[in-house]
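S.K.: Below: one structure in structure tokens.
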Amino acid sequence: MVTAIFPAAGRGSRMKAARNKILLELAGESILVQTLKRFARIDRISKMIIAVSKEEIPIIQNLLESKNFSKPIQIVEGGSERQFSIYNAIKKLSPESEIVLIHDAARPLVSTETIERVIDSAIEFGGSIAAVPEKNTIKIATSERFVDKTLPRNLLWEIQTPQAFRREIIEKAYESAISDKFLGTDDSSLVERIGYPVKIVESESSNIKITTPDDLLFAKEFIRRRDDGII
Ligand code: CTP
Ligand code: MG
């Protein structure tokens, strides 16, 4: 079975709104509910675990109860960093969870096809992440802000979520990162550092992480066109 974990315990400080960005409205629902709806329709996903900050547990519990999702949803308390929020959810995994899929609550535009392909690829290779080919030229700078080197763009991928792994691998990766005090910027980086392969699945550039007010504008228009069948 597949368990999906959603880190939702951030503050959304770059959104500059009065509340956590995942509770802001997007096309008639909160961003969080829009995200969960994308996964609730996938049969292979049997359970969803959401990491939520302590003070938002009651409001999110109420919100989700009113939505009557067809799959069991467990709420766990988040931590001070995304990685700690996810670790709290990983600690709650049941032994029947063969595949663990992790997806930012702030990425509501993910396609069904990307979710399915990331799961398939994790079953095949042990680890799998959604990504798009890099569009920009990326350079490494020195601390004095001179260019050190230019990276070969044809090898660069911009990494998104979902990211999915066999349970034993992601558990081992998190245990190891926590005991070594390693803080990664995504889940895959924890798996990479203990030497397991991670396969890249090409996703869509529309699978953005809603971070700033502009992103919300894009997401509104994207959902409008998608639901009208324009795209
Ligand atoms: N997240 C989390 N626990 C944290 C920090 C972030 O569960 N301690 C979640 C966010 O809720 C979000 C996802 O991780 O769904 C990606 O993080 P990001 O986009 O950085 O969200 P925020 O941290 O909320 O935003 P900001 O960095 O602008 O404050
Ligand atoms: Mg953040």
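The values are calculated or read from the model by the stated rules, or taken from the named source; none is laboratory data. The shown structure was predicted, so the numbers you read here are calculated from the model rather than taken from an experiment. In this analysis, Cβ positions are derived from the backbone assuming ideal geometry, glycine residues included, and neighbour counts consider all displayed protein chains. For accessibility, only protein heavy atoms count, side chains too; no ligands or nucleic acids. Shrake-Rupley method; radii C 1.70, N 1.55, O 1.52, S 1.80 Å.
S.K.: Anything in the stretch 200-219 that is of a type in the set (D, E, K, R) and more than 16 Å from ligand 2 (Cβ to nearest atom)? List them, or say none. Even if it seems obvious, please write down each step before you answer.
M.R.: Filtering the stretch 200-219 for residues of a type in the set (D, E, K, R) gives 202, 204, 209, 214-215.
If the condition is that a residue be of a type in the set (D, E, K, R) and more than 16 Å from ligand 2 (Cβ to nearest atom), then E202, E204, D214 are the ones that fit.
S.K.: Which residues, taken from the stretch 25-44, are surrounded by fewer than 19 Cβ atoms within 10 Å (Cβ to Cβ) and of a type in the set (A, V, I, L, M)?
M.R.: A27, A40, I42
S.K.: Then there is this: Would you confirm, using the coordinates I've provided, whether L63 is aliphatic (A, V, I, L, M) and open to solvent by 20 Å² or more (accessible area, probe 1.4 Å)? Steps first, please.
M.R.: On the way: aliphatic (A, V, I, L, M): yes; open to solvent by 20 Å² or more (accessible area, probe 1.4 Å): yes.
So L63 passes the test.
S.K.: If I50 passes every condition in (1) among the β-branched types (V, I, T); (2) open to solvent by less than 30 Å² (accessible area, probe 1.4 Å); (3) over 18 Å from N88 (Cβ atoms) but one, which one does it miss?
M.R.: So the condition that I50 fails would be (3).
S.K.: Then there's this: Inside the stretch 18-35, can you point out the residues that are within 12 Å of ligand 1 (Cβ to nearest atom), in contact (Cβ under 8 Å) with a residue 40 or more places away in the chain and assigned to a loop (DSSP other than H, G, I, E, B)?
M.R.: L24
S.K.: Against the condition at pLDDT 95 or above, within 15 Å of ligand 2 (Cβ to nearest atom) and part of a helix (DSSP H, G or I), how does R38 come out, does it pass?
M.R.: Here the answer is no, as R38 does not meet what is asked.
S.K.: Could you list all residues from the stretch 180-197 that are touching a residue at least 24 places away in the same chain (Cβ under 8 Å) and surrounded by fewer than 13 Cβ atoms within 10 Å (Cβ to Cβ)?
M.R.: Scanning the stretch 180-197 gives a single hit, P197.
S.K.: Now for a different question. If G229 meets every condition in (1) modelled with pLDDT of 95 or more; (2) open to solvent by less than 90 Å² (accessible area, probe 1.4 Å) apart from one, which number is that one?
M.R.: In the conditions (1) modelled with pLDDT of 95 or more; (2) open to solvent by less than 90 Å² (accessible area, probe 1.4 Å), G229 misses (1) alone.
S.K.: Report whether or not I200 is touching a residue at least 12 places away in the same chain (Cβ under 8 Å), assigned to a strand (DSSP E or B) and surrounded by fewer than 19 Cβ atoms within 10 Å (Cβ to Cβ).
M.R.: Working: touching a residue at least 12 places away in the same chain (Cβ under 8 Å): yes; assigned to a strand (DSSP E or B): yes; surrounded by fewer than 19 Cβ atoms within 10 Å (Cβ to Cβ): yes.
For I200, the condition - touching a residue at least 12 places away in the same chain (Cβ under 8 Å), assigned to a strand (DSSP E or B) and surrounded by fewer than 19 Cβ atoms within 10 Å (Cβ to Cβ) - is met.
S.K.: To continue, here is another question. Take the residues of the stretch 152-170 that are open to solvent by 50 Å² or more (accessible area, probe 1.4 Å) and outside any strand (DSSP E or B): which is nearest to I5 (Cα to Cα)? Spell out the reasoning first.
M.R.: Within the stretch 152-170, the subset open to solvent by 50 Å² or more (accessible area, probe 1.4 Å) is 152-155, 157-159, 166, 168.
Next, only the ones that are outside any strand (DSSP E or B) stay: 152-155, 168.
On the way: P152: 33, R153: 31, N154: 31, L155: 29, E168: 15 Å.
Among them, the one singled out is E168.
S.K.: What is the residue count in the stretch 116-147 for residues that are open to solvent by less than 90 Å² (accessible area, probe 1.4 Å) and either farther than 26 Å from S206 by Cβ or of a type in the set (F, W, Y) (or both)?
M.R.: Looking only at that region, the number is 5.
S.K.: Could you check the stretch 10-24 and list, in sequence order, the residues that are open to solvent by less than 20 Å² (accessible area, probe 1.4 Å) and more than 15 Å from L64 (Cα to Cα)?
M.R.: Of everything in the stretch 10-24, those that are open to solvent by less than 20 Å² (accessible area, probe 1.4 Å) and more than 15 Å from L64 (Cα to Cα) turn out to be G12, M15, N20.
S.K.: Taking interchain pairs and intrachain pairs at least six residues apart, which have beta carbon atoms under 7 angstrom, with the first residue in the stretch 71-93 and within 13 Å of E171 (Cα to Cα) and the second open to solvent by 40 Å² or more (accessible area, probe 1.4 Å) and in a helix (DSSP H, G or I)?
M.R.: As it stands, the answer is Y87/I178; I90/E171; L93/R167, since those pairs meet every condition given.
S.K.: Provide a single number: the residues in the stretch 66-106 that are surrounded by fewer than 22 Cβ atoms within 10 Å (Cβ to Cβ), within 16 Å of ligand 2 (Cβ to nearest atom) and not in a helix (DSSP H, G or I).
M.R.: 3
S.K.: Any idea how many residues of the stretch 1-17 are part of a loop (DSSP other than H, G, I, E, B), within 23 Å of Q163 (Cβ to Cβ) and within 10 Å of ligand 1 (Cβ to nearest atom)? Give the steps one after another, and end with the answer.
M.R.: Going through the stretch 1-17, the residues part of a loop (DSSP other than H, G, I, E, B) turn out to be 1, 8-12, 16-17.
Next cut, within 23 Å of Q163 (Cβ to Cβ) only: 1, 8-12.
Applying the additional criterion that residues be within 10 Å of ligand 1 (Cβ to nearest atom) yields 8-12.
Here the count works out to 5.
S.K.: Could I ask something else about it? Could you check, for the stretch 207-220, whether at least one of its residues is open to solvent by less than 80 Å² (accessible area, probe 1.4 Å), in a loop (DSSP other than H, G, I, E, B) and under 19 Å from I123 (Cα atoms)? Outline the logic, then answer.
M.R.: So in the stretch 207-220, the residues open to solvent by less than 80 Å² (accessible area, probe 1.4 Å) come out as 207-213, 215-216, 219.
Keeping just the survivors that are in a loop (DSSP other than H, G, I, E, B) gives 207-212.
Those left that are additionally under 19 Å from I123 (Cα atoms): none.
For the stretch 207-220, residues open to solvent by less than 80 Å² (accessible area, probe 1.4 Å), in a loop (DSSP other than H, G, I, E, B) and under 19 Å from I123 (Cα atoms): absent.
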